[in-house]
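Comments concern the structure below.
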Amino acid sequence: MSLTPALAEKVRRTQAVLAEAAALGGVALASSLSAEDMVLTHLVAEAALPISVFAIDTGRLHEETVALIDAARETLGVAIEVYRPDPAAVAAYVAGNGANAFYDSLDLRKSCCHIRKVEPLERALKGKRGWITGQRREQAATRTELAEREHDAARGIEKFNPLADWSWDDVLAYAKAADVPINPLHARGYVSIGCDPCTRAIRPGEDPRAGRWWWEQSDSKECGLHVSPLPESRAGAPA
């Protein structure tokens, strides 16, 4: 594999963080099926680390994104466990607000994200001692101080962000060099890919997160996966 010295050093650091996570035991990679998470899945598989991988199928992902679940198994030899939202909660939200109510207000959008993403994440992390994400500092204004390892106080577990200092170009360069399958939407201008109706391609020079929830202010562009979960008594309520 041909990598620049700078990227090779980042890979070594990432491998060390993944090994640290694996040593903790009971740790899982939460894959959004992004290029970042496919790179991490490759690194986990290459080192045969005892780290499970799961993804959340919100029910509104692009077909190209869902196809990566099978691609990971076939190309990387990794079986990704899939979690889905509670059908009753989805039905209640749609009945009460409309299928695309997330366009109407920030509260309704965050409520949809909670039902389709956060609640399944809580189930996936139940009993885990730590989790791994593909977050990078470059991705958003809310992530500029991202640490490679932090304590997720809300869940009482450790959280690892092994790609924190990687650039988008680093991710693409590694994926190409290692023949890691990534979403074909990336080649069409999609950088940060979430649910289909909440994601668009970005224009040259735009912020990487400009394609996510583009109708909102940049400082609100989080879905709740990386902030404190809602109290149980408010599950499904607007956040």
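The values are calculated or read from the model by the stated rules, or taken from the named source; none is laboratory data. Worth saying up front: this structure is predicted, and the values here are computed from it rather than measured. Cβ atoms come from the backbone with ideal geometry, glycine included; neighbour counts cover every protein chain shown.
Things to note:
- Test: residue in the range 10-28 that is farther than 19 Å from residue 131 by Cβ, surrounded by fewer than 20 Cβ atoms within 10 Å (Cβ to Cβ) and among the polar types (S, T, N, Q): no
- Considering 74, 64, the condition of being touching a helix residue (DSSP H, G or I) at 6+ places or on another chain (Cβ under 7 Å) and in a helix (DSSP H, G or I) is satisfied by 64 alone.
- Qualifying residue in the range 181-189 (condition: under 19 Å from residue 144 (Cβ atoms) and either within 19 Å of the chain's Cα centre (by Cα) or at pLDDT 80 or above (or both)): no
- Selection from the range 128-142 of residues that are of a type in the set (Lys, Arg) and closer than 12 Å to residue 208 by Cα: 136, 137
- Looking only at residues of the range 77-109 that are aromatic (Phe, Trp, Tyr) and in a helix (DSSP H, G or I), we find that the one that is surrounded by the most Cβ atoms within 10 Å (Cβ to Cβ) is 102.
- Failed condition for residue 138, given (1) assigned to a helix (DSSP H, G or I); (2) without any contact (Cβ under 8 Å) to a residue 12 or more places away in the chain: (2)
- Filter result for the condition that a residue is among the charged types (D, E, K, R), surrounded by fewer than 21 Cβ atoms within 10 Å (Cβ to Cβ) and in contact with a Ser or Thr (Cβ under 7 Å, 6 or more places away or on another chain), over 148, 122, 138: 138
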